[in-house]
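Right, one structure below, let's go through it.
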């Protein structure tokens, strides 16, 4: 059984895939056997086959030797919320399918980084059966890392996300602040306030277009414990 962590965000487009790629790349540099899995994605390229763009980015960036089919369960074309993208294609997300595909990687990888879609209240399915991203996190029984943009608004967005996760019994390992500028007083203050107001550990502050994550091997391993 591989050790797993779930990466979620305060919203869509805060850099979950980018941070996931940095985490996986750093772990591979440490010699760890790590894989990546994105259960549901939307806004993908459709040619002769659907190319899951987030999965492709992480695989190429971190040089993961897995194929798209192994690294994802559902990939929809329209850049909508997953439940709406699925409805547009007359499809629906099944929790058992996701869990089964993720479990298949246990025989291949010692560690797994699992990336969510959107924020924690993102609907994955909303018809006769209703599945929110939170339901998936709880079904997998995983701790989470919250990715937040370091700019103005980070305090409120991170606070609301952390409150909702804690209210629903989800363990939070910490926060990664993306697009961090050490010369920006807002970014610096957000880092301080998120820690002090919510008791959340700041795992890393990532500058724009950073190619490596500033985190030690022990810190990485502690995330998975």
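Just so it is clear, none of the values below were taken in a lab; they were calculated from the coordinates. Source: prediction; values computed, not measured. All Cβ positions, glycine included, derive from the backbone under ideal geometry; neighbour counts span all protein chains shown.
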Inter-part distance where the stretch 147-225 and the stretch 11-64 are each reduced to a Cα centre, Å: 20 Å
For 17, 212, order by how many other beta-carbon atoms lie within 10 Å, fewest first: 212, 17
Along each principal axis, Cα extent of the stretch 41-127, largest first, Å: 35, 28, 23
The chain: angle of helix 95-104 to the longest principal axis, Cα-based, in degrees nearest 10: 80 degrees
Three semi-axes of the equivalent ellipsoid, the stretch 3-223, Cα gyration tensor, whole Å, largest first: 26, 20, 17
Most fluctuating residue given options 168, 67, 183, as computed from a GNM of the chain linking Cα atoms under 10 Å: 183
Beta bridges by DSSP in the chain, antiparallel share as percent, to the nearest 5: 15 percent
Cut-off 12 Å (backbone N to label point 7 Å along Cα→Cβ of residue 80), residues of the stretch 26-65: 43
Helix-only [θ]222 nm of the chain, DSSP H runs n ≥ 4, -39500 (n - 2.57) each, per residue, nearest 500: -11500 deg cm²/dmol
Ranked 176, 93, criterion: other C-beta atoms within 10 Å, fewest first: 93, 176
Neighbour-count ranking [beta-carbon atoms within 10 angstrom, fewest first] of 177, 165, 197: 197, 165, 177
Angle in degrees between helix 185-198 and the longest Cα principal axis of the chain, rounded to the nearest 10: 80 degrees
Value of Rg/Rh across the stretch 24-68 [Cα atoms, Kirkwood radius]: 1.03
